[in-house]
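Colleague: Take this structure first; my questions come after.
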Amino acid sequence: MASYLKDIQDSVIKYANIISKVLEVELEIVDESLNRIAGTGIFQNKINENMEVEGYVYKKVLQSESPQIIYKPGQDKLCIPCPNRENCKEKFEMSTPIKLNNQIIGVIGLVCTKDDEREYLLNRFDVNMEFLKQISEFISITAYEKKEKVRIQTLMELFNIIIDKVDQGVVIISSDNYITHINKNALRYFNLNNDYLKHKIYIEASGEEILDFKEYKVIIDNEKFNLLGNMYPIYLDDSKYNKMFFFRDLKEFENKINKMKALEKNITYDDILGNSVKVKKLKNTIKKVASSRSTVLITGESGTGKELVAKSIHNESNRKEQPFVPINCAAIPDSLLESELFGYEKGAFTGANPLGKIGKFQLANKGTIFLDEIGDMPLFLQTKLLRVLQERRITKIGSNKNIDIDVRVVAATNKNLIKMINENKFREDLFYRLNVIPIEVPPLRNRIEDMKILTQHFINKYLNLFNKEFLSVQVLDDVWHIFYSYSWPGNIRELENTIEFMINMVGTDGILSSKILPKNIVENIVETKINKDDEIYNLKDLEKTTIIRALNRFGRSTDGKKMAAAKLGIGIATLYRKIEEYNLSK
């Protein structure tokens with residue numbers, strides 16, 4: 001077993017020499033294996049010798065974990081087995097254990113070889129014993145620091161191996177801004193050689209952010225780089241490892257974002273996935289109203305894809321070459337929303353941009369503005385929006401000049417605007433101005449037959465995004481059962497998040513099972529089942545609900561109805577009769 005005291009032998013010898021001079025006695029320090037680590041006077045030439053055959057007092061200290069005082073060396077009962085007791089030159093000995101985290105790692109002993117030395121120690125016994133214990137503490141602290149240094153070094157070696165495998169650029173930086181480690185991606189990016197330890201690096205945040213990354217200006221020698229990344233502190237008591245910087249190339253990242261935006265610009269109604277009756281009806285409506293100038297009000301629950309519908313309307317229209325400008329009315333404070341929508345003149349208010357600002361309506365001129373979460377717009381702005389819709393012109397804050405605009409307005413909400421009108425929270429005249437062309441986006445539970453198409457789409461998306469490849473990906477029946485039974489309050493957005501989670505958690509077999517479903521979905525299914533078991537249903541209502549779910553799942557085409565009838569365990573003629581009875585033909 002490695003000796004802690006041996007690892008710090010130079011420091012231990014220095015302690016021993018200092019103590020010996022201060023107390024004017026001899027001193028020796030041994031480790032837990034009774035190897036003499038340090039010694040003065042008669043012990044100075046015996047350093048590194050093993051004391052197994054003679055160190056009986058020290059053995060007692062190691063066993064008892066307590067100090068030992070020998071008033072008459074050679075005559076004490078502890079000295080009886082010692083081969084040197086007849087010729088012992090010692091006059092007095094006091095020793096105490098050296099502990100590290102409650103582990104005995106050695107013994108420190110004060111030894112008198114002269115009567116005056118013995119007299120000196122005995123006269124100041126309590127003081128000298130306390131001093132001896134404090135020296136033991138100092139040695140213990142030194143051993144601990146050495147142990148920690150080795151542990152940290154081992155940890156950092158492991159850490160360096162890990163970051164070398166990361167696909168981002170990673171730089172470890174010292175407290176004085178020198179590079180102490182850098183992975184291969186960063187070496188290649190900065191065009192550095194293996195002598196990177198010579199280079200200082202300066203990293204300064206610009207204050208800008210893109211998604212979850214911050215923009216940084218990085219300087220190495222005289223070369224500047226603009227990067228996206230994150231800085232993290234390293235909580236180790238080592239100045240060499242002060243912080244780490246993970247980064248990506250800003251231009252490359254922006255190009256990816258632009259490519260994604262370019263793809264978004266081409267979104268049409270064909271990108272709305274699904275073959276259910278409700279989705280087909282939605283697509284047909286989009287196709288019919290796309291070329292109109294009339295305002296559109298898209299309603300539907302959160303997560304149903306209302307913005308996708310709005311983009312489809314824009315990209316199917318003759319405005320598709322012009323801007324599509326979205327704004328979320330719920331995400332911007334009321335005090336700022338007006339300036340976001342209509343802009344302001346320079347110096348319009350304290351803190352305003354000295355150059356002024358162009359509003360979203362002006363940016364969307366000739367194109368489409370998408371007012372998402374319109375139900376959260378404050379009443380005073382609803383009045384101004386109504387005037388814009390009526391007059392087709394805007395007025396910037398701080399200006400008297402009217403600006404003519406040609407903008408198609410598409411609004412969306414997940415709120416019940418009729419109820420809000422009755423509660424005086426939404427203007428009735430604005431509602432009718434917006435609701436010229438109403439489009440309702442169905443919730444996922446009402447288009448359940450699209451589940452497999454949507455699920456497969458999100459599986460492919462996240463396999464590609466996470467660079468995961470399998471010979472095949474299998475969705476087990478228990479997952480489909482839960483997917484079809486769950487109510488999906490978060491709709492398609494919740495489904496997408498669920499698939500993203502499962503692709504993160506999937507094993508090397510590529511099997512998506514209920515074991516890797518998010519906990520909240522599984523618990524909801526169990527709770528729903530328990531609640532249903534406690535309820536008593538009206539048989540007519542139960543039959544009607546079951547038929548609706550079967551039709552929603554399999555579709556209302558002839559083949560769909562045949563499959564629904566088979567699943568329900570009834571004949572096709574009976575199904576048609578029930579559809580007529582419950583007025584389910586639409």
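The values are calculated or read from the model by the stated rules, or taken from the named source; none is laboratory data. This one's a predicted model, so the numbers in the text were calculated from it and none came from an experiment. Using ideal geometry, Cβ is built from the backbone for each residue, glycine included, and neighbour counts are taken over all protein chains shown. The protein model used for the area step is the full one, side chains on, heavy atoms only, and it has no ligands, DNA or RNA in it. Shrake-Rupley method; radii C 1.70, N 1.55, O 1.52, S 1.80 Å.
Colleague: How many of the residues in region 362-378 are modelled with pLDDT under 90 and not in a loop (DSSP other than H, G, I, E, B)?
Modeller: Going through region 362-378 one residue at a time, the tally reaches 2.
Colleague: Would you please name the residue that is modelled with the highest pLDDT, looking only at residues in region 540-586 that are part of a helix (DSSP H, G or I), closer than 22 Å to Lys280 by Cβ and of a type in the set (Ser, Thr, Tyr)?
Modeller: The extreme case among them is Tyr576.
Colleague: Suppose the filter is crowded, with 17+ Cβ neighbours inside 10 Å and of a type outside the set (S, T, N, Q); does Tyr58 pass it?
Modeller: Against the criterion (crowded, with 17+ Cβ neighbours inside 10 Å and of a type outside the set (S, T, N, Q)), Tyr58 qualifies.
Colleague: Next question, about the same structure. Scan (1) surrounded by 15 or more Cβ atoms within 10 Å (Cβ to Cβ); (2) at pLDDT 85 or above; (3) over 30 Å from Ile203 (Cβ atoms); (4) not aliphatic (A, V, I, L, M) for the single condition Tyr269 breaks and write down its number.
Modeller: Tyr269 satisfies all of (1) surrounded by 15 or more Cβ atoms within 10 Å (Cβ to Cβ); (2) at pLDDT 85 or above; (3) over 30 Å from Ile203 (Cβ atoms); (4) not aliphatic (A, V, I, L, M) except (2).
Colleague: Is region 312-332 home to any residue that is open to solvent by 30 Å² or more (accessible area, probe 1.4 Å), out of contact with any helix residue (DSSP H, G or I) (no Cβ under 9 Å at 6 or more places or on another chain) and within 21 Å of Glu496 (Cα to Cα)?
Modeller: no
Colleague: Of all residues in region 236-251, count the ones that are loosely packed, with under 14 Cβ neighbours inside 10 Å and either touching a helix residue (DSSP H, G or I) at 6+ places or on another chain (Cβ under 8 Å) or modelled with pLDDT of 70 or more (or both).
Modeller: 2
Colleague: Checking Lys283 against (1) out of contact with any helix residue (DSSP H, G or I) (no Cβ under 6 Å at 6 or more places or on another chain); (2) at pLDDT 70 or above; (3) within 26 Å of Glu321 (Cα to Cα); (4) not aromatic (Phe, Trp, Tyr): exactly one of these is not met. Which one?
Modeller: Status for Lys283: all satisfied but (1).
Colleague: Identify all residues within region 306-319 that are in a loop (DSSP other than H, G, I, E, B) and in contact (Cβ under 8 Å) with a residue 40 or more places away in the chain; write none if there are none.
Modeller: Glu316, Ser317, Arg319, listed by residue number.
Colleague: Using beta carbons and a limit of 6 Å, which pairs, at least six apart or on different chains, have the first residue in region 358-371 and touching a residue at least 12 places away in the same chain (Cβ under 8 Å) and aromatic (Phe, Trp, Tyr) and the second one part of a loop (DSSP other than H, G, I, E, B) and surrounded by fewer than 22 Cβ atoms within 10 Å (Cβ to Cβ)?
Modeller: Taking only residues 6 or more apart or on different chains, the pairs are Phe361/Ile405.
Colleague: Now, a different point. Would you check which residues across region 290-305 are open to solvent by 20 Å² or more (accessible area, probe 1.4 Å) and either farther than 23 Å from Gly375 by Cα or not in a loop (DSSP other than H, G, I, E, B) (or both) and list them?
Modeller: Within region 290-305, Ser291, Ser292, Thr299 meet the criteria.
Colleague: Could you name every one of the helices (runs of 4 or more DSSP H) located completely within region 407-473 that has at least 3 residues being under 19 Å from Arg387 (Cα atoms) and either touching a helix residue (DSSP H, G or I) at 6+ places or on another chain (Cβ under 8 Å) or open to solvent by 80 Å² or more (accessible area, probe 1.4 Å) (or both)?
Modeller: 428-434
Colleague: Here is a list of conditions, (1) open to solvent by less than 50 Å² (accessible area, probe 1.4 Å); (2) touching a residue at least 24 places away in the same chain (Cβ under 8 Å), and Pro67 meets all of them except one; can you say which number that is?
Modeller: (1)
Colleague: Could you list, in sequence order, the residues of region 3-41 that are of a type outside the set (Gly, Ala, Ser), assigned to a helix (DSSP H, G or I), over 22 Å from Lys99 (Cβ atoms) and modelled with pLDDT of 85 or more?
Modeller: Once the filter is applied, which keeps residues that are of a type outside the set (Gly, Ala, Ser), assigned to a helix (DSSP H, G or I), over 22 Å from Lys99 (Cβ atoms) and modelled with pLDDT of 85 or more, region 3-41 yields only Asn17.
Colleague: Same structure, new question: List every residue pair whose Cβ atoms lie under 8 Å apart, where the two residues are 6 or more positions apart in sequence or sit on different chains, the first residue falls within region 464-480 and is in contact (Cβ under 8 Å) with a residue 12 or more places away in the chain, and the second residue, located anywhere, is in a strand (DSSP E or B) and open to solvent by less than 100 Å² (accessible area, probe 1.4 Å).
Modeller: As it stands, the answer is Val473/Ile511; Val473/Leu512; Gln474/Ile511; Gln474/Leu512; Val475/Leu512; Leu476/Ile511; Leu476/Leu512; Val479/Leu512, since those pairs meet every condition given.
Colleague: Also, I was wondering about something else. May I ask you to verify whether Pro73 is in a loop (DSSP other than H, G, I, E, B), open to solvent by 60 Å² or more (accessible area, probe 1.4 Å) and over 15 Å from Glu28 (Cα atoms)?
Modeller: Judged against the criteria, Pro73 is not a match.
Colleague: Only one of these conditions is not met by Met94: (1) open to solvent by 50 Å² or more (accessible area, probe 1.4 Å); (2) at pLDDT 85 or above. Which number is it?
Modeller: (1)
Colleague: If you scan region 19-53, which residues turn out to be in contact with a helix residue (DSSP H, G or I) (Cβ under 9 Å, 6 or more places away or on another chain), of a type in the set (A, V, I, L, M, F, W, C) and open to solvent by 80 Å² or more (accessible area, probe 1.4 Å)?
Modeller: Selection gives Val22 alone.
Colleague: Give the residue, chosen from Lys133, Lys99, that is surrounded by fewer than 20 Cβ atoms within 10 Å (Cβ to Cβ), in a strand (DSSP E or B), within 52 Å of the chain's Cα centre (by Cα) and not hydrophobic (A, V, I, L, M, F, W, C).
Modeller: After ruling out the rest, the residue left standing is Lys99.
Colleague: From the residues in region 170-196 that are farther than 15 Å from Ile219 by Cα and in a helix (DSSP H, G or I), which one is most open to solvent (accessible area, probe 1.4 Å)?
Modeller: Ranking the qualifying residues of region 170-196, first place goes to Arg188.
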